[in-house]
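Below is one structure; the comments refer to it alone.
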Amino acid sequence: MERFEVIIIGAGLAGLAAAYTLAGEGIEVVVLERGEFPGAKNVSGGRLYLNPVRPLFPSLWEDAPFERKIVHEGITLLAKEGSVALEYSGEELRRPPGHSFSVLRSRFDRWLAERAEERGAAILPNTLVERPLVEQGRVIGVRAGGEDLAADVVISCDGALSLTAEKAGLRTPGFPRDYAVGVKEVIALDPGKIADRFHVSEGEGSARLYLGEVTKGMFGGGFLYTNRDSISIGLVIRIEDIGGEAARSVPALLDEFKERPEICSLVRGGTTAEYSAHLIPEAGLRGMGKLYGDGIIIAGDAAGLALNLGLTVRGMEYALASGYYAAQAFLRAKGKRDFSAPSLEVYRSLLDDSFVLKDFRNFAGTPDVLDNPRYFEHYPELAAAVFRDLYKVPAGSKDTLFSTVRRHVDLKEIWSILKDLKKASAI
Ligand SMILES: Cc1cc2nc3c(=O)[nH]c(=O)nc-3n(C[C@H](O)[C@H](O)[C@H](O)COP(=O)(O)OP(=O)(O)OC[C@H]3O[C@@H](n4cnc5c(N)ncnc54)[C@H](O)[C@@H]3O)c2cc1C
């Protein structure tokens, strides 16, 4: 059997971050990727929050192919016939080095793969890993492309459905309520039009999230990010909600979303350049499987490291950081020449002490708090109704603003809002 120190399954951000870090330490590492090239099979909204991962890869970011620096945030409650938007922008978001950036994975992952290769990592595209090789409970390598390959440690970064983690006995298949499906379209658009429509200058971008009618009241939301010369637009909906009476085709919902007056003027004249769909783990801490075993470490989405807080959808920096910490865990285990589960347990400790598992502990209650249909239907309709009447000038005399609001927010409603707020104090 051909032998490597580390085999990484999947050239997404988790796998590439691990490969980049390990190759930088002179480790013999190979990345096996089923796609045609790194980034070919990867889907993100794509907004990368750089602050948490900047220190882990200090020399990496200067020439990174970011699309735009996000300097404008927006969240919109979409009702059936109206919408209420809240926007946030200002100089503080423009200050270097920048808080978050839009990225296109096909470009970004390829670039990161090149950086890892420069350091000596071998990246093999078009290589599907069929299963881990397990001997007496210990992972000793993988079967890929009809060949058996051996390694001291396999780092499994094969994404949300991670069959490797399942076949290695580290996790069981998830439930529909633990995953969302995301669909995304990249719409090519002239940079001048992007600047005019989103009020941004060259290199600057806008990020917008949408709740409510966009998912027809189902758990999830819509997003729209500006890239250099395109717009990424999409929907994320919990799988459990897509079905039964509410059964709808998610791509059809995306088409309806694009036809909304709030959206169609933003994407008008653009042409679809890319269409993709992917799963997102959404169970948070509750859905996390075992993160390591004898001869194996799990990182990124494969480990369930994605977090939807409603205001932000984050997974990319958890993937990058967990890949980095997986590499660190290997280096420490190598120092002891011991790749057993007790030795690789250091991976869990490193994640525990980092922003990764601190975030997951801080937001452990979020999936349950968000599991409230009022957020996805009632509140957007209520907000739009209140604003409609506040702005409306009727034929006769106009009610006071206070009584206009109270007409919609009666004592029963106030009581329900207080109950939701109490529950939301867990996040
Ligand atoms: C619609 C959508 C919007 C999102 N928006 C955002 C966002 O704005 N910001 C954010 O931070 N996160 C976002 N996320 C989440 C983010 O994309 C993921 O958390 C992130 O991509 C995880 O990276 P990863 O490396 O763990 O997995 P992936 O990027 O999924 O990479 C896994 C890799 O493994 C390969 N692979 C799988 N099985 C095998 C096999 N058997 N053999 C060989 N290779 C294999 C795949 O081809 C793939 O390249 C979004 C996700 C979706 C779907």
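Tallying residues that are more than 21 Å from R143 (Cβ to Cβ) and within 25 Å of the chain's Cα centre (by Cα) within region 15-32 yields 5.
Counting only residues that are of a type outside the set (G, A, S) and surrounded by fewer than 20 Cβ atoms within 10 Å (Cβ to Cβ), region 184-195 holds 3 of them. Checking F360, F339, F387 one by one, the residue that is touching a residue at least 24 places away in the same chain (Cβ under 8 Å), in contact with a strand residue (DSSP E or B) (Cβ under 8 Å, 6 or more places away or on another chain) and assigned to a loop (DSSP other than H, G, I, E, B) is F339 and no other. Restricting region 53-72 to residues that are open to solvent by less than 40 Å² (accessible area, probe 1.4 Å) and at pLDDT below 95, the residue that is nearest to L235 (Cα to Cα) is W61. Annotation: of all residues in region 383-400 being in contact with a helix residue (DSSP H, G or I) (Cβ under 6 Å, 6 or more places away or on another chain) and hydrophobic (A, V, I, L, M, F, W, C), the one that is farthest from R177 (Cα to Cα) is L390.
Using the structure shown, decide if G192 is of a type outside the set (S, T, Y) and part of a helix (DSSP H, G or I). So G192 fits the description; yes.
A277 satisfies every condition listed in (1) among the hydrophobic types (A, V, I, L, M, F, W, C); (2) open to solvent by 10 Å² or more (accessible area, probe 1.4 Å); (3) within 10 Å of the ligand (Cβ to nearest atom); (4) outside the structural domain of G217 (by TED's automatic domain parsing) except (4). Contact annotation: residue pairs with Cβ atoms under 7 Å, 6 or more positions apart or on different chains, pairing a residue in region 173-193 that is more than 20 Å from V313 (Cα to Cα) with a partner that is open to solvent by less than 30 Å² (accessible area, probe 1.4 Å) and in a strand (DSSP E or B), are I187/S230; I187/I231; I187/I233; A188/S230; L189/S230; L189/I231.
Residues of region 305-318 being near the ligand (Cβ under 10 Å from one of its atoms), outside any strand (DSSP E or B) and open to solvent by 10 Å² or more (accessible area, probe 1.4 Å), which ones? Before you say what the answer is, go through the steps one by one.
The first filter runs over region 305-318 and keeps only residues near the ligand (Cβ under 10 Å from one of its atoms), leaving 305-308, 312-318.
Next cut, outside any strand (DSSP E or B) only: 305-306, 312, 315-318.
Correct list: T312, G315, M316.
The values are calculated or read from the model by the stated rules, or taken from the named source; none is laboratory data. Not measured: the values here are computed from a predicted model. Positions of Cβ are generated from backbone atoms using ideal geometry, with glycine treated the same way; all protein chains shown enter the neighbour counts. We work out accessible area using only protein heavy atoms, side chains counted, and drop any ligands, DNA or RNA first. Shrake-Rupley method; radii C 1.70, N 1.55, O 1.52, S 1.80 Å.
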